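Everything below concerns the one structure shown next.
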Amino acid sequence: MSRAEDHEVVSIYPHSQEQIDKMMTLAPECVLNWATKDGWPVGVMHAFVWDKGHVWLTFSSHRHRAAAIRRDPRVSIVVSGTSSRDPECPRGAITMKGRAVFHDDEATKKAFYRKLAHKVSPTDKAGEDDFYSLLDSPLRTVIEVTPEKWITFDAEKSHKHRQGTLDEAELGKPLSGDTERMNAERAKRGLPPRQL
């Protein structure tokens, strides 16, 4: 079976760093995920800013997520290219594993509020100022998430590969999930190993 016919293998369709930067800049929202005290994974949608290779977002300090992330700063951020209306935004999805740092100084908060308000209303100064006023509240905190690992899926590469129009040089190296782990699962089900 050719790779173009194999829907189980997805790690061969990574985004480039340029595509990651573009999607993280153009996507309007992300899902912030963290672990609760009893181990449950939880996620909430957030508007966010991608700035100098870091994700920035905000919420009120009394939210459960604030206590959870202060206890364990390991979080993940999930972004979908289909959330953007910009035709330049890459298609597919990105998951970023990283660690969060809280910022509660007024200078950082106000600078971030302005960047986020502008991202939300880039062509409407009145709308930008209104959103800035909404954000500028005494209970609000800001987190900065530094990436440690990327998991990406380039939907356009996958589509072109299935159509037979992708240059094979654009494929990524298959990761262990699509080599060892997949073949271990195939063996459990009595299926022959797949060579990639």
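Candidates Ile12, His161, Trp50 compared by Cα position along the dipole of the chain: farthest toward the positive end lies Ile12, with charges placed on Cβ. The 3J(HN,Hα) values that the Karplus relation (6.51, -1.76, 1.60; θ = phi - 60°) gives for the stretch 23-35 are, in residue order, 5, 5, 7, 8, 5, x, 8, 9, 9, 8, 10, 8, 10 Hz. Gly and Pro appear as x. Taking each of Lys149/Lys173; Lys22/Lys110; Lys37/Lys110; Lys119/Lys149; Lys119/Lys157; Lys22/Lys52 in turn, the alpha-carbon distance tops 19 angstrom for Lys22/Lys110; Lys37/Lys110; Lys119/Lys149; Lys119/Lys157. Its convex hull of Cα atoms gives the chain a direction-averaged projected area, equal to a quarter of the hull surface, of 13.4 nm². Sites count as exposed loop sites when they are trypsin sites (Lys or Arg not before Pro), lie in a DSSP loop, and have at most 12 other Cβ atoms within 10 angstrom; the longest stretch of the chain without one is 86-188. Build a GNM of the chain with springs between Cα atoms under 10 Å apart, and of Ser83, Ser61, Ser137 the one that fluctuates most is Ser137. Taking the Cα centre of the chain as the origin and placing charges on Cβ (Lys, Arg +1; Asp, Glu -1), which of His64, Phe112, Thr146 is farthest toward the positive end of the dipole? The residue sitting farthest along the positive end of the dipole is His64. Dividing the summed helix terms, -39500 (n - 2.57) for each DSSP H run of n ≥ 4, by the number of residues in the chain produces a 222 nm estimate of -9500 deg cm²/dmol to the nearest 500. Using Cβ point charges alone (K and R +1, D and E -1), the dipole size of the stretch 108-157 about the Cα centre works out to roughly 180 debye.
Values in this text are rule-based calculations from the coordinates and carry no lab data. All of these numbers come straight from a predicted model, not from anything done at the bench. A quick note on method: Cβ atoms are made from the backbone with ideal geometry, for glycine too, and the neighbour counts reach across all protein chains shown.
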